[in-house]
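Okay, structure first, notes after.
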Amino acid sequence: MKNIVIIGGGTGTFTLLSGLRKFPVNNTVIISSADDGGSTGRLRTELSVMPAGDIRQCLVGLSYTDEALKKLFNYRFDKGSLSGHTVGNILLAALEKITGNVESAIAASAKLLNVRGEVLPVTLFPTKLSARLKNGNTIVGEHRIDEPTAKHRSPIVGLSLSPSAPANPRALDAIRHADAIVFGPGDLFSSTLPSLLVRGVKEAILKSSAKKVFIVNIMTKSGQTDGFSASDFVQTFNSYLSQDKKTFVVDAVIVNTKKPGAADLVRYRKTGATLVQTDAANLRKFGARVIAAPLVSSRSFKRANGDTLTRSFLRHDENKIAKIIWEIVS
């Protein structure tokens with residue numbers, strides 16, 4: 001059985017897991033410990049627990065239990081003092097308090113959800129993400145990076161974590177034994193890249209003989225990837241992973257070629273997001289294998305009541321993207 005490590009989090013990783021679960025692979029998700037928005041941020045501040053949101057989504061994505069229990073974990077309250085919180089986030093926070101650590105809390109939740117695979121925090125220490133902007137300003141906090149308050153924000157030119165945290169040994173072990181390491185899809189600067197900043201992670205990835213696969217987002221993200229083409233995503237990602245920022249590390253790039261409907265593009269345009277242009281010719285200059293295909297799901301996803309965060313309503317087709325990953329590793 002092939003070992004696939006996914007480095008990311010959020011709805012993009014959940015979508016990928018929903019497809020990969022149909023193939024004979026062992027999936028391990030490595031997620032950032034810097035999330036501080038929404039329900040996760042409130043629980044982190046009030047209870048001093050590790051970020052739970054991405055852990056919850058990935059556990060549900062790897063779950064083989066009945067649908068009612070999965071819906072319970074993802075149920076989000078939309079009224080009262082619990083408004084915005086999901087049941088799964090609260091349960092993970094409670095289990096961390098009961099067991100004394102986040103890994104035991106994840107293990108208990110995984111048993112409850114009949115999870116096949118693993119969800120691993122990239123570090124066992126809570127961290128704070130900061131972004132340095134081109135205009136010299138610095139934004140502190142993953143949520144503030146992810147949800148810009150200004151309509152037009154100066155481009156991000158660098159990321160950092162504080163405090164500097166060592167990698168989770170189990171995450172490094174998963175990377176060492178991976179047949180493929182998949183990055184994305186997800187918000188580049190607030191979901192995919194933060195894990196690379198944890199001490200030991202980048203070095204482990206570079207030493208790994210696994211196929212390194214980058215999935216380009218369907219749409220740009222306001223305040224993060226404004227105006228980015230597919231090659232801009234890949235080049236920016238590679239600059240954080242490569243030791244000299246010039247040697248190209250990624251073996252394969254997956255990029256969407258399907259144009260969403262006009263109404264969907266108008267909805268995204270209101271948030272400052274646009275369709276990522278494929279520019280396959282520029283991608284091929286990096287020397288990686290380029291897999292360009294129509295990958296937008298025919299489904300449109302709605303934000304849950306009580307959810308205060310901006311979510312993508314267009315996502316990759318889980319079956320198509322998973323089949324491509326399977327073909328790369330098999």
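Here are the numbers for this structure:
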read-out	value
Inter-residue pairs, beta-carbon under 7 Å, first outside any loop (DSSP other than H, G, I, E, B) and in the stretch 222-250, second among the basic types (Lys, Arg) and open to solvent by 10 Å² or more (accessible area, probe 1.4 Å), 6+ apart	Ser239/Lys245; Leu241/Lys202
The stretch 1-13 - residue that is surrounded by fewer than 24 Cβ atoms within 10 Å (Cβ to Cβ) and at pLDDT below 90 and, of those, farthest from Arg76 (Cα to Cα)	Met1
Number of the exception - Thr123 against (1) closer than 26 Å to Glu96 by Cα; (2) in a loop (DSSP other than H, G, I, E, B); (3) more than 17 Å from the chain's Cα centre (by Cα)	(3)
Filter result for the condition that a residue is free of Cβ contacts under 8 Å to residues at least 60 places away in the same chain and either open to solvent by less than 30 Å² (accessible area, probe 1.4 Å) or in a loop (DSSP other than H, G, I, E, B) (or both), over Ser160, Ser130, Ser191, Ser195	Ser130
Qualifying position, being open to solvent by less than 40 Å² (accessible area, probe 1.4 Å) and on the phi > 0 side of the Ramachandran plot, among Gly141, Gly136	Gly141
Residue within the stretch 171-185 that is more than 18 Å from the chain's Cα centre (by Cα) and closer than 16 Å to Ser32 by Cβ present	no
Subset of the stretch 106-127 [free of Cβ contacts under 8 Å to residues at least 12 places away in the same chain and not hydrophobic (A, V, I, L, M, F, W, C)]	Lys111
In the stretch 14-52, residue farthest from Ile321 (Cα to Cα) [restricted to those that are open to solvent by 20 Å² or more (accessible area, probe 1.4 Å) and part of a loop (DSSP other than H, G, I, E, B)]	Ser48
Matching entry among Glu96, Glu67, Glu103 (being open to solvent by 70 Å² or more (accessible area, probe 1.4 Å), modelled with pLDDT of 90 or more and among the acidic types (Asp, Glu))	Glu67
Selected residue [at pLDDT below 95 and open to solvent by less than 10 Å² (accessible area, probe 1.4 Å)] from Ala150, Ala180, Ala165, Ala171	Ala165
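The values are calculated or read from the model by the stated rules, or taken from the named source; none is laboratory data. Note that this is a predicted model, so its numbers are computed, not measured. Cβ: placed from backbone, ideal geometry, glycine included. Neighbour counts: every protein chain shown. For the accessible areas, the whole protein counts, side chains as well, though only heavy atoms, and no ligand, DNA or RNA atoms are used. Shrake-Rupley method; radii C 1.70, N 1.55, O 1.52, S 1.80 Å.
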